[in-house]
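Data block below; observations after.
Throughout, read-outs are computed from the coordinates displayed, never taken from laboratory work. As the structure is a prediction and not an experimental result, all values here were calculated from the model. Cβ coordinates were reconstructed from backbone atoms using ideal geometry, including for glycine residues, and neighbour counts include every protein chain displayed.
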Amino acid sequence: MTRIGIIGGGLMGKEVASALARWCALEIQPDQPTLTAVADVSDAARAWFDRIPSIALKTADYRELLASKDVDAVYVAVPHDLHEQIYLDVLKAGKDLFAEKPFGMDLKQAMNVALSARTSGRFVRCSSEFPFYPGAQRVFQAVKSGQLGRIIEVRAGFWHSSDLDPSKPINWKRQKARCGEAGVMNDLGLHVWHIPMRLGWKPVRVHAQLNNIFPQRPDASGQLVPCDTDDNAIWNVDALIGGHETPMRIEVKRIAPGETNTWFIEVYGTEGSIRYSTKDPKTLWTFRREKEQMWQRIDLGHQTQFPVVTGPIFEFGFPDAFLQMWAAFLAERAGTLGDRFGCATPDECVLAHRLNEAALESSSTKSVVQLDL
Ligand SMILES: NC(=O)c1ccc[n+]([C@@H]2O[C@H](COP(=O)([O-])OP(=O)(O)OC[C@H]3O[C@@H](n4cnc5c(N)ncnc54)[C@H](O)[C@@H]3O)[C@@H](O)[C@H]2O)c1
């Protein structure tokens with residue numbers, strides 16, 4: 001049994017509480033998590049957790065949660081400027097850590113947290129749930145098997161349009177001081193880089209295009225204030241894949257008209273190709289080199305790496321990916337993940353920050369940046 005504490009009971013803290021409440025749906029139970037404590041500075045956020053009977057401690061001071069003997073592992077979902085300090089405090093308190101991305105505001109902070117993770121010996125992983133969609137897993141497995149032949153090109157991304165409305169009031173995610181210099185890349189980058197990094201694809205050269213589309217937004221009183229984070233980012237990368245430099249285009253966008261939360265990956269190879277997008281979550285597109293040019297559409301169901309009671313023909317969605325990610329986190333922590341896909345590691349988080357820094361440099365110098373990873 002693992003006793004979980006949550007620091008930050010906002011959007012994602014509540015998502016975790018609901019994933020843990022659906023634990024009974026898992027047919028393979030890698031562990032028995034119990035949510036025992038929540039810390040949030042907001043009274044309203046804490047009050048929401050009244051509906052979870054296993055929570056014995058609700059506090060405005062996260063240090064009180066870290067001092068509790070009834071917490072083994074801590075999930076942290078707070079504004080980015082608090083990540084480094086709270087992650088280090090979690091490790092110092094001797095607890096395991098499930099961090100939210102980004103792993104600190106920038107590369108320096110990420111390296112600091114990764115070092116502390118290593119020296120503390122605690123189990124540390126970072127949240128990135130989209131690779132747990134069945135379609136994303138099929139792409140990962142297809143590439144790993146080698147069945148696609150030589151990879152010709154990769155396109156992947158994460159698009160939404162939650163900032164398309166210029167009258168949307170600013171929040172902490174739209175300010176460099178709280179979100180980080182890397183803006184949208186801090187928010188969405190790890191979600192897209194997780195699979196390419198896990199496949200061992202090595203970026204060697206980056207040219208990035210970053211755009212701050214609405215540099216001002218109204219604050220709560222309606223007054224226009226600076227909105228200084230980049231909304232959209234594109235990495236154009238040469239990546240070493242199977243010994244060949246291969247074009248890879250990775251996009252993260254907060255302003256992508258027509259998209260609500262579209263995560264996608266497309267891998268084109270000489271023998272076969274494969275495409276998956278959460279926009280059409282049941283559909284996997286595959287291609288095999290044959291006489292005719294023909295994509296095959298496969299109707300996917302609920303085929304998950306940790307089986308659940310949900311029938312295999314039923315549709316899969318975001319909360320399901322979250323449940324699968326948590327099962328992977330706790331299984332890996334318990335040493336029972338086996339060859340299943342695991343959550344993002346501290347080293348992968350550091351690498352994601354390196355790619356953010358390369359993009360920032362490329363964008364500010366309008367040049368191609370070499371990477372030595
Ligand atoms: N994995 C995902 O898909 C996903 C999606 C959205 C956000 N996130 C990440 O989750 C994190 C939180 O984002 P969110 O959307 O839940 O934000 P949010 O603003 O909804 O929630 C943040 C919460 O932190 C609380 N908080 C602030 N300071 C605190 C402190 N000192 N101690 C305790 N609590 C404090 C706030 O009161 C708020 O309730 C960010 O890192 C974000 O990038 C991840």
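Annotations
- Scattering from the stretch 2-126 was approximated by placing one identical point on each alpha carbon and applying the Debye formula without solvent; log10 I(q)/I(0) at 0.13 1/Å stands at -0.48.
- The slack in the chain from Cys24 to Gln209, taken as 0.36 nm per residue of separation less the alpha-carbon distance, amounts to 62.1 nm.
- The spacing between the stretch 303-368 and the stretch 13-86, judged by their C-alpha centroids, is 20 Å.
- Counted residue by residue at 0.36 nm each, then reduced by the alpha carbon distance between them, the extension gain from Thr283 to Arg118 reaches 55.4 nm.
- Exposure rule at most 14 other beta-carbon atoms within 10 Å, DSSP loop GluC sites (Glu not before Pro): the chain longest free segment: 28-270
- Per-residue Cβ neighbour rank within 10 angstrom, fewest leading, Arg297, Arg198: Arg297, Arg198
- Förster radius 41 Å - calculated FRET efficiency between Ile313 and Gln293 (Cβ-Cβ, nearest 0.05): 0.85
- Of Lys101/Lys202; Lys14/Lys58; Lys58/Lys108; Lys69/Lys101; Lys14/Lys101; Lys253/Lys366, pairs whose Cα-Cα distance is over 23 Å: Lys58/Lys108; Lys69/Lys101
- Between Thr336 and Gln85, the simple spin-label model (points 7 angstrom out along Cα→Cβ) gives 3.8 nm.
- Every helix of 4 or more DSSP H residues in the chain counts as -39500 (n - 2.57), and over all residues that averages to -9500 deg cm²/dmol at 222 nm.
- Taking trypsin sites (Lys or Arg not before Pro) across the stretch 13-115, the ones in a DSSP loop with at most 14 further Cβ atoms lying within 10 angstrom of their Cβ are Lys69.
- Annotation for the stretch 238-268 versus the stretch 196-216: alpha-carbon center distance of 9 Å.
- Leu66, Leu115 arranged by Cβ crowding within 10 Å, fewest neighbours leading: Leu115, Leu66
- By the combined test of axial Cα extent (at least 27 Å) and Kyte-Doolittle hydropathy (mean at least 1.0), none of the DSSP H helices of the chain qualifies.
- For the pair Glu181 and Leu373, the difference between a 0.36 nm per residue extended length and the Cα-Cα distance amounts to 67.0 nm.
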